[in-house]
1. In terms of Cα to Cα distance under 20 Å, which aspartates and glutamates are near enough to B:Lys118, apart from those fewer than 8 places away along the same chain?
2. By a straight-distance test (C-alpha under 19 Å), which lysines pair with B:Lys23 as possible cross-link partners, with residues fewer than eight away in the same chain excluded?
3. Output ³J(HN,Hα) for region A:85-100: one whole-Hz value per residue in order, computed from phi by the Karplus curve 6.51 cos²θ - 1.76 cosθ + 1.60 with θ = phi - 60°, and x for Gly and Pro.
4. Ranked by Cβ crowding within 10 angstrom, fewest neighbours first, how are B:Ser113, B:Ser522 ordered?
5. For the pair B:Thr491/A:Arg35, report the inter-label distance in nm, with labels modelled 7 Å from Cα in the Cβ direction.
6. Cβ under 13 Å from B:Arg486's Cβ, B:Arg486 left aside: what net charge do those residues give with Lys, Arg +1 and Asp, Glu -1?
7. Rounded if a/c is under 1.5, else prolate if a/b beats b/c, else oblate: with a ≥ b ≥ c from the C-alpha gyration tensor eigenvalues square-rooted, which is region A:137-182?
8. Does region B:6-193 classify as rounded, prolate or oblate by the C-alpha gyration tensor (a ≥ b ≥ c root eigenvalues; a/c under 1.5 gives rounded; else a/b over b/c gives prolate, otherwise oblate)?
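Coordinate-derived values only; no laboratory data. Owing to the predicted nature of the structure, the values given are computational and were not obtained by experimental measurement. Please note: Cβ atoms are built from the backbone with ideal geometry, for glycine as well, and neighbour counts cover all protein chains shown.
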Amino acid sequence: MTELAVLQAVRLKGRVSRDDLAATLGGDFVDVVDRLVGSGLLLDGPTLRLSPEGRGRLEGLLADERSHVDTAIVLAAYDEFRSVNAEFKALVTDWQLKDGQPNTHEDVGYDAAVLTSLDDVHRRVTPTIAALATQLPRLSRYSVKLQTALDNIHAGETMWLARPLIDSYHTVWFELHEELILAAGRTRETDDA
Amino acid sequence: MSTRPVILLDGDASSPPEVLGHKGHGIDMMRRNGLPVPPAFCITAEVGARYRAEREATVNAIWDDVLAGMRTLEAATSRTFGRGPHPLLVSVRSGAAVSMPGMMDTLLDLGFSDDVEKGLAAEGSAEFARDSRRRFTESYQRIVTGPAPDDPYQQLRAAIESVFASWDSPRAVAYRAHHGLDDRGGTAVVVQAMVFGNINANSGAGVVFSRNPMTGANEEFGEWLPGSQGDDVVSGTVDVQPIATLRSRQPGVYDQLISAASLLERLSADVQEVEFTIQDGALWLLQKRAAKRSAQAAVRLALQLLDDGLIDEAETLRRVAPAHVEALLQPSLQPETRMAAQLLATGLPAGPGVASGRAYTEVDAAIEAADRGEDVILVRNHTSPDDIHGMLVARGIVTETGGATSHAAVVSRELGRAAVVGCGSGVAESLAGKVVTVDGNQGEVREGSLQLSAWSEDNTPELRELAGIARRVSPLRAHARGDYPRLDRHTEAEVRSAMASGHSDVVSASPLLAMLAAIRLSGVS
């Protein structure tokens, strides 16, 4: 189980430092990481990444994980996610752009309205993740990470909305989207970008 | 009520754009000068304003006038609205006092019924009648948001109401806010007899400019699409052709079109953008407006119009906004450089800026190339979270699929990367390995590493010429050097205080900008 979580986290991040990996997993998995490096599944360096063998191993573990789920529940969760996904993506764009120009964040009322709709998105996605986690317990971690990002945003650190390379709301959201596409047996080509 | 609610645009309307709308005013002006324009009438902007307060009563009160307007269109075209054998179709277009291109609604091909389709099929072809009806049904559904009623007069009324209401659409409101336009009032509506660029191969639609609005070169410029209606050209979804191909296909029509554009330019004393349709070899002009232009073109065209005696020196300076000059002084992709380079892909501009480099389609290869010191452009079908390290090392980002809210768009904006998204499938393969320039302002990918450059007040001939004119017109003469008091900045406040202190000459780092500010402050006419 832990091996799957580590390999999948590295895949989703592409390349990731050991510190950032520990942060996204919510715990230190030094032993697991060292073992995966030792067996050649992870390539070590300033950042960790998957070797071709590691990618193969991850695919096997994911297929095994999927074989135990109730497909109907996963597909229902996927549909619910898609319905809120468009709203979330629009609000991130609204945060970045105002009237087609970069948002200078001088209009406090405008920014507040965007962040209020984020609260609404969060209320809608939380039960979806809970339903998914009954089938794929590993994914409950996404609720925690989204909540952390949201708490940081509420505390005024708005970079936690969309900044890449940290587990911002947008970063976690897109990784969750990738997980859902995988779990539902879809591809990004058949989904939206 | 100060004017009639419905005014015929027969060249004799003699009302300002505030009443007729910009579009209606242009149509009336073209008719007055004997240009071929399909018959039209307008419902005034005053009615549009009243509609916003009281919808049903406003339309009821003017409906008899609208019907009378339709009778004149029928008489002028020898056609009948809503029935055969020679049915009349109309377009219903918005027209505010100030042009707001693409912001409000337009409906084409109105007035369909089964009987009308039969009539059109007999006059043209079954395919033409079907194509026109499909265009009508789709645009009606999209804009009025509901299935089209069978009664052509109900179609007309719903379309007019929909155009009136589009004054308050979010995009129109945002456009007015962004351009500082008055939010009160409302839009006029133009109802015009349809002409058909889709009737046969000897037909088409397009837009022509009396001079090039991108580079400012004194040459006609435009695009058209054979066998199409105007919305195809505007939508950008179909490959349009440069206007030069019209010259080889229909030289007579081309000459007539160019001389009309040139006449309108002389009459309006400004560079014109003219929308046209060719129906079975006959040219029709649908609307005209002052051409939108780049900052480069704004300066060059103002100087040309002065040389041609169409405007005086004070007006020349009014045609150049300080923002144009400020933009020109920043490094940017010059239009003539851009237009000379091969266009490789177009998409949605998603991250502002311009960047050049070699296109890589794989993240690892992109990172290795960047490590070797290469400038990298990352081109992907779409981006995912695990592409982030490739996006970080890239100077520009291009995707095949995805829109303004896609992962690539959001992350590019966060990283400050030039990005063009949704360029269509096959683009990654066709760009791979090439040195390209990503123009995230225009939404284009062009061949080669295009250099950015800036104009300067000292060295660019156009700006020197403009500064020379400004020194003759401005109440405050600004110089790059000399024994005069120094103006630290060219803000309005500084310029005002220099003028208030009785200075007639100052030294400034941006003499032209200082004088443009002075001219605007003093309202020189």
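1. Of all the aspartates and glutamates, those that pass the test against B:Lys118 - Cα under 20 Å, at least 8 places apart if same chain - are B:Glu74, B:Asp109, B:Glu127, B:Asp131, B:Glu138, B:Asp150, B:Asp151, B:Asp280.
2. The reachable lysines, counting only those whose Cα sits under 19 Å from B:Lys23, are B:Lys288, B:Lys292.
3. The phi angles translate into 4, 4, 5, 5, 5, 5, 6, 5, 5, 4, 5, 7, 10, 10, 6, x Hz.
4. Details: B:Ser113 19, B:Ser522 15.
Arranged by neighbour count, lowest to highest, B:Ser113, B:Ser522 become B:Ser522, B:Ser113.
5. About 6.6 nm separates the two model spin labels.
6. My count for the surroundings of B:Arg486 gives -2.
7. Numbers: a/c = 3.29, a/b = 1.68, b/c = 1.96.
Oblate is the answer for region A:137-182, as a/c is 1.5 or above yet b/c matches or exceeds a/b.
8. Details: a/c = 1.78, a/b = 1.39, b/c = 1.28.
In terms of gyration-tensor shape, prolate.
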